[in-house]
1. Within segment C:300-323, does at least one residue satisfy the condition of being at pLDDT 95 or above, outside any helix (DSSP H, G or I) and out of contact with any Leu (no Cβ under 6 Å at 6 or more places or on another chain)?
2. Condition test on residue A:129, is it modelled with pLDDT of 95 or more and buried (at least 21 other Cβ atoms within 10 Å of the Cβ)?
3. Please pick out the residue among C:56, C:51, C:27 that is within 27 Å of residue C:166 (Cβ to Cβ), at pLDDT 95 or above and not polar (S, T, N, Q).
4. Take residue A:311 and decide whether it is open to solvent by 30 Å² or more (accessible area, probe 1.4 Å) and either under 23 Å from residue A:172 (Cβ atoms) or touching a helix residue (DSSP H, G or I) at 6+ places or on another chain (Cβ under 9 Å) (or both).
5. Just to be sure before I move on: is residue A:213 within 14 Å of chain B (Cβ to nearest Cβ) and among the polar types (S, T, N, Q) in the structure I sent?
6. Quick check: is even one residue across segment A:56-64 open to solvent by 10 Å² or more (accessible area, probe 1.4 Å) and either more than 11 Å from chain B (Cβ to nearest Cβ) or touching a helix residue (DSSP H, G or I) at 6+ places or on another chain (Cβ under 6 Å) (or both)?
7. Which condition breaks for residue C:351 when tested against (1) part of a helix (DSSP H, G or I); (2) over 22 Å from residue C:131 (Cβ atoms)?
8. If residue C:201 satisfies all but one of (1) of a type in the set (Val, Ile, Thr); (2) more than 9 Å from chain B (Cβ to nearest Cβ); (3) closer than 18 Å to residue C:304 by Cα; (4) open to solvent by 10 Å² or more (accessible area, probe 1.4 Å), what's the number of the condition it fails?
Amino acid sequence: MDPKVMADTIWTLVTAMLVFFMNCGFACVEAGFQQSKNCVNVLSKNFVVFAISTVAFWFLGWGIMFGDGSPFYGIQGLLMLKGADNSPATGDAYQGVYSSIAWTGVPLLAKFFFQLVFAGTGATIVSGAVGGRIKYLSFILFSFLYIAFLYSVTGHWIWGGGWLAKAGMWDFAGSTVVHSSGGWAALAGAIALGPRFGKYTKDGKINVIPGHNLSLALIGTFVLWLGWFGFNPGSTMAADPRLIAHICVTTNMSAATAILGATLTSWILLKKPDLGMTLNGCLAGLVAITAPCAFVSVESSAIIGLVAGVLVVLAVIFFDRIHVDDPVGAVSVHMVNGVWGTFALGLLAEDWVSPNTTGNGFFFGGGTKLVIAQLTGIVAVAAYTFVVAFIFWSLIKLVIGIRVSLQEEIEGLDIGEHGNVAYPDFVARKPHYSFVGLGTSSTEEKTPEYAGKR
Amino acid sequence: MDPKVMADTIWTLVTAMLVFFMNCGFACVEAGFQQSKNCVNVLSKNFVVFAISTVAFWFLGWGIMFGDGSPFYGIQGLLMLKGADNSPATGDAYQGVYSSIAWTGVPLLAKFFFQLVFAGTGATIVSGAVGGRIKYLSFILFSFLYIAFLYSVTGHWIWGGGWLAKAGMWDFAGSTVVHSSGGWAALAGAIALGPRFGKYTKDGKINVIPGHNLSLALIGTFVLWLGWFGFNPGSTMAADPRLIAHICVTTNMSAATAILGATLTSWILLKKPDLGMTLNGCLAGLVAITAPCAFVSVESSAIIGLVAGVLVVLAVIFFDRIHVDDPVGAVSVHMVNGVWGTFALGLLAEDWVSPNTTGNGFFFGGGTKLVIAQLTGIVAVAAYTFVVAFIFWSLIKLVIGIRVSLQEEIEGLDIGEHGNVAYPDFVARKPHYSFVGLGTSSTEEKTPEYAGKR
Amino acid sequence: MDPKVMADTIWTLVTAMLVFFMNCGFACVEAGFQQSKNCVNVLSKNFVVFAISTVAFWFLGWGIMFGDGSPFYGIQGLLMLKGADNSPATGDAYQGVYSSIAWTGVPLLAKFFFQLVFAGTGATIVSGAVGGRIKYLSFILFSFLYIAFLYSVTGHWIWGGGWLAKAGMWDFAGSTVVHSSGGWAALAGAIALGPRFGKYTKDGKINVIPGHNLSLALIGTFVLWLGWFGFNPGSTMAADPRLIAHICVTTNMSAATAILGATLTSWILLKKPDLGMTLNGCLAGLVAITAPCAFVSVESSAIIGLVAGVLVVLAVIFFDRIHVDDPVGAVSVHMVNGVWGTFALGLLAEDWVSPNTTGNGFFFGGGTKLVIAQLTGIVAVAAYTFVVAFIFWSLIKLVIGIRVSLQEEIEGLDIGEHGNVAYPDFVARKPHYSFVGLGTSSTEEKTPEYAGKR
């Protein structure tokens, strides 16, 4: 047995397992940042979405993303991994229909498993932004469509040998392929749904709807951070000692400076070091370093993270001001910082980090070539994903609806969608099992007049 | 240093660590699915059981399971790993008394560590089914006996070169050796104990006693799923690139389709996609694919999981109907689907997946030979484990008792057994610290007349 | 590519990731063992501390710890890893300024990443002991100073080729370098701060302030145990099959017997098997085996753990008796058992486990030489760390203060320091949002007269 194939496969599979575990992280962060009355629903969405992604990516997504074909989507070996393939052969020795991923010398199913867990994280980004009001079935349906026709298609453009790859755009581990893709689909969903009841009042006031469990959110963030040590260093799909160590350090450094950036920004703007902002700051730094992690120095990774930490706080405030209700800040974390990281690669890439790839970025004498390629990729993925996602959301709205009833939303989706209560042994601050009507509230608190778009 | 021994040892140890972490998963799932008044007790059982397993498997279990000896149990090198052994030598080069596990070329303590964490998961399966009423000390005692005289003995039959191995029975990673073994012992315990007070009323009504923390249960399930990527692919105990990638994919696919199967079944039968059923569905799919993961195609793994997802929902309903009180569904998950997975191997194995092992199963032209061997193993392990477990439970009952007092059960085992409260800062829905007597309840709710077997 | 460099780097990075994840474990244990009104603060401290550690260790700590220089601190290549280095070259082939760590053949950034996550765990030990009353900013400041001038300096003495290394002191994975170092700094902090308001009354009574979430504490302990399989076996920084398997087993065995020791001790002394003591017992066993894990037999590891389990319960009781308020038992776990483990190495080391390192300990015919070296190290690190830490705490106290106001402490640090509430949807047993004054309490419960040192 070739020791290199053994080592590369161990590395690819172990890091894939860590990326898989990010689904647990997303579930915890998103549930922790939302209300207890919707907790079961949030958890269910984040759990079932990986099952849906598995089936969708196996059935169709892998072939569209990595199958040989047009510059826009894969055609050969389309369904259920049934194309010819002689992996782990690489380069000229490779014979098969998934040639865009033949640069890595691991067995076909190792490639598939690694890419599958990536697809799963893309789909799960959406769930946070649409939380607290979406129909469970509608979310499941969208997730399938997202994997099969959004994620995989733009993934083909960049990682499947498509037109953006040929245009010289680089995205090492998916700031754009995974994060801003998921972020744009999430933004489309949040807009299509409208805000949660009570989030914005008629007189323009923004209500804070605090998350119910910050311990859960903290666990989730640490799990995601851990998972990112699979996400980024694993994207080598090879146990290249110098490079994987380098990526571990840039990834971690960006997270660290982003935490400090977000903490300081919230301390200044909100007067206190808000924990939610700090956690989202960490995730923002991780999202931002995802594209450039293998192309920039440790010093540059510190700068990228610091900017990401500031950006995410400003973005959360911005989206709230324009009344886009994103309960967990998914758009600010994944879309905004996916864009930032992809762009930062164009500015800060240095040829010595991964020779014969990106070349030098703008600040290191590479001129505007790389920056323009990066911007092309950012805009193209944004336009395609946002527009098609919005069409999908609108179609689902037409056919089965996307939003639960107002009564169910107020009572909580846990009872309405699942018949479960997340924490039945504890007394809730506001009773969330009985219906609180519009102006006919049976609770002591007066229900204010809200301006929820419906 | 031989690169293969290095890679194989890394793989074996890293996957063993993931299997170890399943103890955290079991603790979270079992605590989340039970009441907050018993939470400390559930956590304590799941925590201490791994310590007990470590000592028991080191002292006696390893030798019984893997020591050379009779077809029924090991004899040589029985205590504390003290037998001769020249690992990592394999095959004909091996000289020692643990020859049944000399097929893997890793050091002795790597073999031991991997098998130890497996034993630990076997013991922890039992804890869920006996929750809410078992004495802490009695559980500890049973766990020791289970590892030393149940798990290790039937393990010897199948993995230790015993009579079932020679009869041609296959169980790659332990659907039978670990899961249905633990499941049968759990069933014996649940029957020996009788149901929790209030679970079944005199007029035959089945009360739902909801779990207190579904976030915890969700975390636990994700941790178990992650752990299964150690459990199944790690059972190669070798970094065989093609095979470990294959097993990652079959394992994940079965979990995914089982989630969908259980969600749909509960949606149809219970009118809503119940989260508890969905989580148990996932675990059922993982249990079922454990035996056949290295012998079946990806397509077959999808079918095995789908069936498991349906089976577990039906099984939970069935055991409730016959008044076997299993608070977390451990028997339905581990016993029922351990049996299903072991049997499915006989139906769906294909020779090409792992040449020179199982040969083809029934549906692939292999005739009934493999099916019969699998059934033999299923029945033999069931009979031995259930009968001897029941004898152990009965002996413990005679000597120190197995069930806490009714007063303690109603108040909660946390106070009674441990003097702890899991969540002292929160107001509980029903006060669970003060004694609620039989008919002399001091709470507002009337205590109905229950038919708890005592 | 050299297969050994590949395997060693995979091993070093994967185990480093597990050690990183210990930050999640510490956060969960420390939050779970403290009150819900301080939960956000505890989580925030444990989260931000890793970001601070990353920056501090990158900027200064690494160079002080591993840079060539004096026997007391590193001088060359001091800042930001900028020294010459031709890793992964080892031994005589190594050319660079970090020669004390040139024994491992992995790239420089792999060494840095592994050592960085170790530094992070050192800093996080402190946070538990100072919980419930420390100012957030003061903790951040101390953490930076701790990494840069305490941890790294004594680390240089032992792992950086300094005077203790030359004196023949051994500490394989950091019972002293990490754990008792952090423990002494924690003790200095707990003393400098004084106890929490209400912990000790004027008449000398010790109040129990129970942790708010034992599920969280349990998760944290399992995560730490998992992380220790990175901490100890990973400290080989090489995939040496026999040794890493050995260390996995000694590490696990010590944890297991420590659990049993602590459970039994608390069962005897406190009449019940207290879960908190059991969890701390596990951590104590892991701390104690950290120094000797690569030098002692499996049997000795069982003894080391058993003693640690007893010690930690006695230590917790002792520190409470002398009114040192350590809300989570950090000093008892990390300082006391760090000392015990380092000392036990001197007693129980056996030459055959890692030839040409420690030689035999006292009980195996090695005489008093090793014991004296170990004691020298224990005392030197204790004196330096405790004294300088106390000076740092005192300086911070002078300049910006270290303790929050009494009002804030009573209300909870979550509101005061962060403006967050950890679990806003649940009714708290005691309202912790409104101010409970000294004798002017607006709640029903009378506030007793407390003797909190201020």
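1. Yes: segment C:300-323 contains one or more residues that are at pLDDT 95 or above, outside any helix (DSSP H, G or I) and out of contact with any Leu (no Cβ under 6 Å at 6 or more places or on another chain).
2. yes
3. One residue alone meets the criteria, C:56.
4. yes
5. Judged against the criteria, residue A:213 is a match.
6. Yes, there is a match, as at least one residue in segment A:56-64 is open to solvent by 10 Å² or more (accessible area, probe 1.4 Å) and either more than 11 Å from chain B (Cβ to nearest Cβ) or touching a helix residue (DSSP H, G or I) at 6+ places or on another chain (Cβ under 6 Å) (or both).
7. (1)
8. Here residue C:201 meets the rest and fails (3).
The values are calculated or read from the model by the stated rules, or taken from the named source; none is laboratory data. All of these numbers come straight from a predicted model, not from anything done at the bench. A quick note on method: Cβ atoms are made from the backbone with ideal geometry, for glycine too, and the neighbour counts reach across all protein chains shown. Protein only, heavy atoms only, side chains kept; ligands, DNA and RNA dropped before computing areas. Shrake-Rupley method; radii C 1.70, N 1.55, O 1.52, S 1.80 Å.
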